[in-house]
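The values are calculated or read from the model by the stated rules, or taken from the named source; none is laboratory data. Just so it is clear, the model here is predicted, and its values are computed rather than measured. Quick reminder, even Gly has a Cβ in these numbers, built from the backbone with ideal geometry, and neighbours come from all protein chains shown. Protein only, heavy atoms only, side chains kept; ligands, DNA and RNA dropped before computing areas. Shrake-Rupley method; radii C 1.70, N 1.55, O 1.52, S 1.80 Å.
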Amino acid sequence: MNLETLALIALALAAIPCGLFLLNLLSYRQIANRKSQIANPVSVLIPARNEEQSIRATLEAVLANRGCNFEIVVLDDHSTDQTAAIVSDLARRDNRVRLESAPALPAGWCGKQHACFVLAKLARHPLLVFIDADVRLAPDALVRMADFMERSGADLASGVPRQELGTFSDRLLLPLIHFILLGFLPMHAMRRTRLPAFSAGCGQLFIARRDAYEQCGGHAMLRDSLHDGIKLPRAFRRAGFRTDLFDATDIATCRMYRTNADTWRGLGKNATEGLAAAGTIVPMTALLLGGQVLPFVLLAFAPMLSSLGLTLAAFATAMACVPRLIATHKFRQPLGATLLHPLGVLALLAIQWHALVRHLAGKPSVWKGRAYSPVSAVESAEPA
């Protein structure tokens, strides 16, 4: 295979996610602020396990919301730090905050899924908002999400908050969330059908209709999973309900990880239920290497390329960069991460393959002080 043929392949593989990313921008939009008051009250549900660094700021951000009636229920999941004390202090000062204690974790359950399932039972209102304990909501977030549910007709919706990036690994890897989501999920098909294959979401932020949640089984349907971002929408779709996505950049922020090691472990803990699934990792590796890394490699060997090969490689590189450049502006991502795009893709693939090797070796994922045997990569091979 000559270099011109490689350049043509790179161009084709870069064009697929670039075209789909641009098309999806028409559908993946921020929520318009049309209403000043929402009739349906909201239960904000927060699972918390050793979250003393973030829980106060998270609760204060929710309490600053206006335009709808809401309660906040925090489930202390056997924390060993000051999480419960901080929540109790805020609950004494504001009766919209309620602290509950998690029962013992049943066998076969992931801690977060069990906590969310318990929280849904404790909720009093018809709209359920699940957020991680490190998510900060804007003052108009609840009213805008509730309005989106009313106007869209969705039973479950999710959005990716703006990611606060601290470490080098954060800056290199987390901006790829939007690239993977918008570059490989056909959102128009997601909205036209209820097929589980088009399931997508972000586990940091979900809003659901309580009746639909209870009918589909909610988090009980993904009790052993670490990947609620895919599995919760899949549970809704399998029960015949509609799921949707919105751009949460301007209504929520999240600082996921504090160290480079946390970023690696965090992205790898549920990888075998997503990109690293047995039926997904090989084609996704080919797509990402061929369309997002190969164009840059070819340009590095520009003197060896013919004029046609150089032109094809240049266009392929441009198509690999266009989605990232747009995301830099639209999702408030650092430009440096875009310039290091091929390195970020290589690091992401390394995490996926490392996670798959660990899974095949029978090694558990460890998160929040608990060890979990990964969900079967074969079971998770349905395209996401």
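So which residues in the range 1-22 are open to solvent by 30 Å² or more (accessible area, probe 1.4 Å) and within 20 Å of the chain's Cα centre (by Cα), if there are any at all? If the condition is that a residue be open to solvent by 30 Å² or more (accessible area, probe 1.4 Å) and within 20 Å of the chain's Cα centre (by Cα), then 20, 22 are the ones that fit.
Across the range 270-283, the number of residues qualifying as surrounded by 20 or more Cβ atoms within 10 Å (Cβ to Cβ) and not polar (S, T, N, Q) comes to 7. Looking only at the range 21-43, residues that are within 21 Å of residue 152 (Cβ to Cβ) and not in a loop (DSSP other than H, G, I, E, B) come to 9 in all. Counting only helices (runs of 4 or more DSSP H) that sit wholly inside the range 124-228, those with at least 2 residues that are over 15 Å from the mean Cα position of the chain (by Cα) and crowded, with 24+ Cβ neighbours inside 10 Å are 141-152. Among the candidates 263, 259, 328, 311, the residue that is surrounded by fewer than 20 Cβ atoms within 10 Å (Cβ to Cβ) and within 29 Å of residue 365 (Cα to Cα) is uniquely 259. Among the residues of the range 40-63, none qualifies, meaning not one is touching a residue at least 40 places away in the same chain (Cβ under 8 Å), open to solvent by 10 Å² or more (accessible area, probe 1.4 Å) and hydroxyl-bearing (Ser, Thr, Tyr).
Looking across the range 328-373 at every residue that is over 20 Å from residue 165 (Cβ atoms) and in contact with a strand residue (DSSP E or B) (Cβ under 6 Å, 6 or more places away or on another chain), the one that is modelled with the lowest pLDDT is identified as 372. Note on the range 64-95: among residues that are hydroxyl-bearing (Ser, Thr, Tyr) and over 16 Å from residue 45 (Cα atoms), the one that is surrounded by the most Cβ atoms within 10 Å (Cβ to Cβ) is 79. When the range 229-256 is filtered for residues that are hydrophobic (A, V, I, L, M, F, W, C), surrounded by fewer than 23 Cβ atoms within 10 Å (Cβ to Cβ) and over 16 Å from the mean Cα position of the chain (by Cα), the ones remaining, listed by number, are 239, 241. Answer yes or no as to whether residue 88 is assigned to a strand (DSSP E or B) and either free of Cβ contacts under 8 Å to residues at least 24 places away in the same chain or among the small types (Gly, Ala, Ser) (or both). So residue 88 does not fit the description; no. Those residues that are open to solvent by 10 Å² or more (accessible area, probe 1.4 Å) and farther than 24 Å from residue 209 by Cβ, I need them from the range 103-123; list them, please. Hits for the range 103-123 are 103, 104, 105, 106, 107, 108.
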